[in-house]
Amino acid sequence: MPVLPGAEPYRHEGGEVGVLLCHGFTGSPQSLRPWARYLAGQGLTVSLPLLPGHGTRWEDMAPTGWPDWYAEVDRELRALRDRCSRVFVAGLSMGGALALRLAAKHGEGVEGVIVVNPANRVHGLSAYALPVARHLVRTTKGITSDIAKEGVLESGYDRVPLHSAHSLRIFLRMIDGELPQVTQPLLLLHSVQDHVVPAADSARVLGRVSSTDVTEILLEQSYHVATLDHDADRIFEESYAFIARIAPSVGKEGTAVGG
């Protein structure tokens, strides 16, 4: 299937400091592309992969689950580590959970973690019905484009396959138990108003990680997809400042692949 416009993966060959960006559930690299381009412009090596089952049509997502999504970012992280001396992981929503698991599993192989509105659990009574409902109903309504800025849309699915949502629920419960293994410096940015992931998820992450170098920033003008919203520039600048503080030697600019 053809990839949705803007949903293509993005890679930039920069200097010795690299960053892996992970997009969210039913979303695509489109939601993080401006962030990736900003970091590339600062001289970093950047990888923004397209997760399996994403960026085309929801039917392609239905047979995929968390092991597929995590395997993709794990491969990208290992490839970045082969090219760079220091590597950071970052993500939005479910992508934040993926980034946190990478930090938990790779230890010293990850220098720091940046998460924006990280997901920690599937909320509501519907979450408890997923194990059964997924066998009765194929999809539910989509969760994309929770953006305060007028005229801005997120490229993603208008339907959520329930099999994939069930897998996401399993993954989030698993990573919650792994959060104490996260010891790296952490930058967590979350929106005051978020109609997809409540602030309680960010509070849970902050309360369970073992990191001692922790920065929390509130985003007052954005909804869930803050990387495309009014606070986007602040996210970009704060994330680069965080990386530059921990790894001051960012490299020279290189070439981008994926537009």
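Going by what's in this entry, would Gly91 be described as among the small types (Gly, Ala, Ser) and either assigned to a strand (DSSP E or B) or open to solvent by 20 Å² or more (accessible area, probe 1.4 Å) (or both)?
Answer is yes for this residue.
In segment 1-59, which residues are among the acidic types (Asp, Glu) and out of contact with any Gly (no Cβ under 8 Å at 6 or more places or on another chain)?
Residue satisfying the conditions is Glu59 alone.
Might you let me know whether segment 187-194 holds any residue that is touching a His at 6+ places or on another chain (Cβ under 8 Å), over 30 Å from Glu111 (Cβ atoms) and in contact (Cβ under 8 Å) with a residue 12 or more places away in the chain?
No, because not a single residue in segment 187-194 is touching a His at 6+ places or on another chain (Cβ under 8 Å), over 30 Å from Glu111 (Cβ atoms) and in contact (Cβ under 8 Å) with a residue 12 or more places away in the chain.
Would you point out the residue of segment 25-36, among those that are open to solvent by 10 Å² or more (accessible area, probe 1.4 Å) and out of contact with any Phe, Trp or Tyr (no Cβ under 7 Å at 6 or more places or on another chain), that is nearest to Ile243 (Cα to Cα)?
Looking at the filtered set, the residue picked out is Pro34.
Here is a list: Leu39, Leu4. Which entry is out of contact with any Cys (no Cβ under 7 Å at 6 or more places or on another chain), open to solvent by 10 Å² or more (accessible area, probe 1.4 Å) and either touching a residue at least 40 places away in the same chain (Cβ under 8 Å) or of a type in the set (Val, Ile, Thr) (or both)?
Within the list Leu39, Leu4, the selection yields Leu4.
What's the number of the only condition in (1) surrounded by 16 or more Cβ atoms within 10 Å (Cβ to Cβ); (2) over 18 Å from Pro198 (Cα atoms); (3) modelled with pLDDT of 95 or more that Arg78 fails to meet?
Failing condition for Arg78: (1).
Quick check on my filter: what residues within segment 201-218 are under 19 Å from Ile243 (Cβ atoms) and assigned to a loop (DSSP other than H, G, I, E, B)?
If the condition is that a residue be under 19 Å from Ile243 (Cβ atoms) and assigned to a loop (DSSP other than H, G, I, E, B), then Val209, Ser211, Thr212, Asp213 are the ones that fit.
Scan (1) modelled with pLDDT of 95 or more; (2) hydrophobic (A, V, I, L, M, F, W, C); (3) more than 19 Å from Arg101 (Cβ to Cβ) for the single condition Leu188 breaks and write down its number.
(3)
Could you please give the count of residues in segment 158-183 that are in a loop (DSSP other than H, G, I, E, B) and open to solvent by 10 Å² or more (accessible area, probe 1.4 Å)?
Qualifying residue count, segment 158-183: 2.
So which of Ser222, Ser249 is of a type outside the set (A, V, I, L, M, F, W, C), exposed (fewer than 13 other Cβ atoms within 10 Å of the Cβ) and touching a strand residue (DSSP E or B) at 6+ places or on another chain (Cβ under 8 Å)?
Testing whether each residue is of a type outside the set (A, V, I, L, M, F, W, C), exposed (fewer than 13 other Cβ atoms within 10 Å of the Cβ) and touching a strand residue (DSSP E or B) at 6+ places or on another chain (Cβ under 8 Å) leaves just Ser249.
Being in a loop (DSSP other than H, G, I, E, B) and at pLDDT 95 or above, is that true of even one residue in segment 106-116?
So far as segment 106-116 goes, yes, one or more of its residues are in a loop (DSSP other than H, G, I, E, B) and at pLDDT 95 or above.
So, in segment 225-238, exactly how many residues are open to solvent by less than 50 Å² (accessible area, probe 1.4 Å) and either assigned to a loop (DSSP other than H, G, I, E, B) or among the aliphatic types (A, V, I, L, M) (or both)?
The total comes to 7.
The values are calculated or read from the model by the stated rules, or taken from the named source; none is laboratory data. None of these values were measured; they are calculated from a predicted model. In this analysis, Cβ positions are derived from the backbone assuming ideal geometry, glycine residues included, and neighbour counts consider all displayed protein chains. What goes into the accessible areas is simple: the full protein's heavy atoms, side chains included, and nothing from ligands, DNA or RNA. Shrake-Rupley method; radii C 1.70, N 1.55, O 1.52, S 1.80 Å.
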